[in-house]
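K.L.:
Sharing a structure here in structure tokens format.
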Amino acid sequence: MNKSELKEIRIENLKKFFEDKTLPTKDKSLLSQLMSGKASFGEKVSRRLEEDYGMGSYYLDSTPNSPIGSDDDHQIRFERLNIEAACGNGTENLPAEVVDYVNVSRLWAKDKFGGNLSHIKIITARGDSMAGTIDEGDIIFVDTAVTEMVEDGVYLIHVSDGLRAKRLQRTVTGGVKILSDNKRYETETVEKHDLEQLKICGKIKGAWKLEEM
């Protein structure tokens with residue numbers, strides 16, 4: 001989902017939320033500009049409006065025209081954990097806890113992540129080593145059922161310095177390259193005889209972008 005598509009979803013959900021309500025005086029001008037597409041509809045204003053008006057976490061990012069807050073034939077609810085994945089040096093995390101939930105269209109989720117949705121978890125990205133693919137503050141969708149490297153791709157891994165989100169690539173000698181999409185970071189290589197030091201915690205299936213204003 002690109003920024004333009006996400007903005008359109010937020011506009012439609014905002015219109016739907018206020019369609020049978022009077023616009024509150026304190027945000028009337030802002031809301032009118034957002035609904036008309038004239039104002040920037042970034043992460044901070046989205047989360048603030050959801051909290052101020054009781055919309056529910058990530059309501060504005062959910063696919064429009066579906067019921068929010070339920071897990072039925074149209075919607076699926078994913079757990080967002082208090083876990084951060086470093087896009088750079090690793091991060092150590094406390095035991096995983098659910099901090100809130102994100103509702104999305106079930107059809108959209110199947111299209112993006114495949115049929116097995118029960119193992120999809122959401123965490124947060126930190127750092128810039130995967131910039132352009134995964135940026136600081138993005139929320140990351142991780143398939144935690146994947147615990148081994150099945151193909152080259154972007155994975156959630158645990159190494160000696162903690163949890164990382166990195167691109168992995170097999171070498172011809174049976175080792176694994178740990179790659180950063182930000183070319184300022186050097187490639188690391190785990191040789192075949194050291195692979196037990198590389199733990200696969202899941203395959204990263206996608207990310208939603210944080211737009212800072």
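The values are calculated or read from the model by the stated rules, or taken from the named source; none is laboratory data. From a predicted model like this one, the values you see are computed outputs, not experimental measurements. A quick note on method: Cβ atoms are made from the backbone with ideal geometry, for glycine too, and the neighbour counts reach across all protein chains shown. Keep in mind that these areas ignore ligands, DNA and RNA; they rest on the heavy atoms of the full protein, side chains included. Shrake-Rupley method; radii C 1.70, N 1.55, O 1.52, S 1.80 Å.
K.L.:
Kindly provide the set of residues from region 1-54 that are within 27 Å of the chain's Cα centre (by Cα) and among the aliphatic types (A, V, I, L, M), ordered by number.
P.N.:
Within region 1-54, 1, 6, 9, 11, 14, 30, 31, 34, 35, 39, 45, 49 qualify.
K.L.:
Just for region 189-202: of the residues that are outside any loop (DSSP other than H, G, I, E, B) and farther than 21 Å from residue 126 by Cα, which one is least open to solvent (accessible area, probe 1.4 Å)?
P.N.:
190
K.L.:
Within region 61-88, how many residues are at pLDDT below 70 and under 15 Å from residue 138 (Cα atoms)?
P.N.:
1
K.L.:
Kindly indicate whether residue 162 is touching a helix residue (DSSP H, G or I) at 6+ places or on another chain (Cβ under 6 Å) and farther than 23 Å from residue 115 by Cα. Can you show your working first?
P.N.:
On the way: touching a helix residue (DSSP H, G or I) at 6+ places or on another chain (Cβ under 6 Å): no; farther than 23 Å from residue 115 by Cα: yes.
Spelling it out, it is not the case that residue 162 is touching a helix residue (DSSP H, G or I) at 6+ places or on another chain (Cβ under 6 Å) and farther than 23 Å from residue 115 by Cα.
K.L.:
So, restricting to helices (runs of 4 or more DSSP H) that lie completely within region 1-54, which ones have at least 3 residues that are in contact (Cβ under 8 Å) with a residue 12 or more places away in the chain and open to solvent by 60 Å² or more (accessible area, probe 1.4 Å)? Spell out the reasoning first.
P.N.:
Numbers: elements: 3-18, 28-36, 43-52.
Hits in region 1-54: 3-18.
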